[in-house]
1. Name every residue in the range 287-316 that is out of contact with any Leu (no Cβ under 8 Å at 6 or more places or on another chain) and either free of Cβ contacts under 8 Å to residues at least 12 places away in the same chain or closer than 20 Å to residue 162 by Cα (or both), in order of residue number.
2. Can you run down the residue pairs with Cβ atoms below 7 Å, 6 or more apart or on separate chains, where the first is in the range 64-90 and open to solvent by 50 Å² or more (accessible area, probe 1.4 Å) and the partner is modelled with pLDDT under 95?
3. Among residues belonging to the range 321-345 that are without any contact (Cβ under 8 Å) to a residue 60 or more places away in the chain and more than 24 Å from the chain's Cα centre (by Cα), point out the one that is most open to solvent (accessible area, probe 1.4 Å).
4. Criterion first (hydroxyl-bearing (Ser, Thr, Tyr), part of a helix (DSSP H, G or I), modelled with pLDDT of 95 or more and exposed (fewer than 13 other Cβ atoms within 10 Å of the Cβ)) does residue 111 satisfy it?
5. Does the range 52-60 contain any residue that is within 17 Å of the chain's Cα centre (by Cα), assigned to a helix (DSSP H, G or I) and either without any contact (Cβ under 8 Å) to a residue 24 or more places away in the chain or farther than 23 Å from residue 339 by Cα (or both)?
6. Just checking, does the range 139-157 include any residue being touching a residue at least 12 places away in the same chain (Cβ under 8 Å), crowded, with 20+ Cβ neighbours inside 10 Å and not in a helix (DSSP H, G or I)?
7. Looking at (1) surrounded by 12 or more Cβ atoms within 10 Å (Cβ to Cβ); (2) farther than 24 Å from residue 47 by Cα; (3) not hydrophobic (A, V, I, L, M, F, W, C), which is the only condition residue 177 fails?
8. With the requirement that a residue be assigned to a loop (DSSP other than H, G, I, E, B), without any contact (Cβ under 8 Å) to a residue 24 or more places away in the chain and open to solvent by less than 60 Å² (accessible area, probe 1.4 Å), what does the range 220-267 give you?
Amino acid sequence: MQRVCYTQCVRRLCGPAQSSRLLKVRNIHRSLRQLRHNTVMEDNKPWALISEVGGQGYIEEVMDILKQHFHIICHKDFLQNSAVQGPKIQAMLMWNTFPAAEPSLLRLLPSLKVVSNGGVGIDHLDLPYISSLGVKVTNTPDVVSDATADIAMGLLLASARRIVEGHQLAVDPNMTYLSQSLMGVEVTGSTMGIIGMGRIGCKIAQRGKGFDMRILYHNRTRRSVEDERAVGASYREKVDDLLKESDFVMLAVNLTPETTALISHRELSLMKPTATLVNISRGPVVDQDALVKALRSGTIRAAALDVTHPEPLPRDHPLLSLSNVLITPHVGTNTYTTTRKMVQKMVDNALAALNVPVKFL
């Protein structure tokens, strides 16, 4: 309404030609003000160090989230001019554990205020040392739960029904008939034991309930009765009892000194010979030498792993040659939806640590 009145007044006083010129000048001034505003906002954005775009770093599809709130510099470019760039960097946005927060790098970042880690696990970070520098560390626990639980059930199902082997047979150019010898094990009605009943563990239990599985769990602290009822889970105070009863043992714990080699020779020997071990937590949670021996000897039926130690495994590692092992390359959170959620959470965490309000340009 105000814009219409302004136009009418200009036309009455100046005539159509002059009013048109005045309106154009007014629009130009408005555009210049907006440009100055955007330039100020752009200049005020903090600087962040990332690993790279592509390769082991960020996919191109999430870079808009980063660039909206930060001036971005890749690690390789940073090292070429660290003396100039180092004092600018206030945030390190760590993806797939890179850039590695080693002392040699951190010493080049005197203005660093936060290491924003993508993912839940922070076992790759030296928290006492980073904290001693006055630098905060953040992670993204909530947004990864669904995708990680999905891959957990995917591994369980693929191993149980030998889906990868079936695919290989189906596309084999030498196959002339459909063999009926590719037999799997039943998932519906089986028993799944979850070690680690945090956010992800609860999501896995929900999915298991959908397959009419009997759900057992072991955790440092017992969940509430309401939580147990919601997913139909039964608590086992002793992990040994869970191992003995379960057809599928699901590892969903954080990597800590207490959980390193949590599953080794003794634990594997307690499992059923028809049981499958599924690990979506961290590679060092399982003693891999003990696992190889158990798989070769028939102590357990199979293993399905989204994580190993190291990653990737050496190409001559015995786990890679066993037919009763299914391995995926740590892809638990690898969906476009979850990746964008993780990156957005990383950005939000970093901005909060820097006390920078979120601005949408």
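1. Result: 289, 297, 298, 301, 307, 314, 315, 316.
2. Note: pairs meeting the criteria are 68/361.
3. 321
4. On the way: hydroxyl-bearing (Ser, Thr, Tyr): yes; part of a helix (DSSP H, G or I): no; modelled with pLDDT of 95 or more: yes; exposed (fewer than 13 other Cβ atoms within 10 Å of the Cβ): yes.
No, not satisfied.
5. yes
6. yes
7. All conditions pass for residue 177, except number (1).
8. The answer is 224, and nothing else.
The values are calculated or read from the model by the stated rules, or taken from the named source; none is laboratory data. Bear in mind that the values here come from a model prediction, so they are computed numbers and not experimental data. Virtual Cβ from ideal backbone geometry, glycine too; neighbours counted across all protein chains shown. For the accessible areas, the whole protein counts, side chains as well, though only heavy atoms, and no ligand, DNA or RNA atoms are used. Shrake-Rupley method; radii C 1.70, N 1.55, O 1.52, S 1.80 Å.
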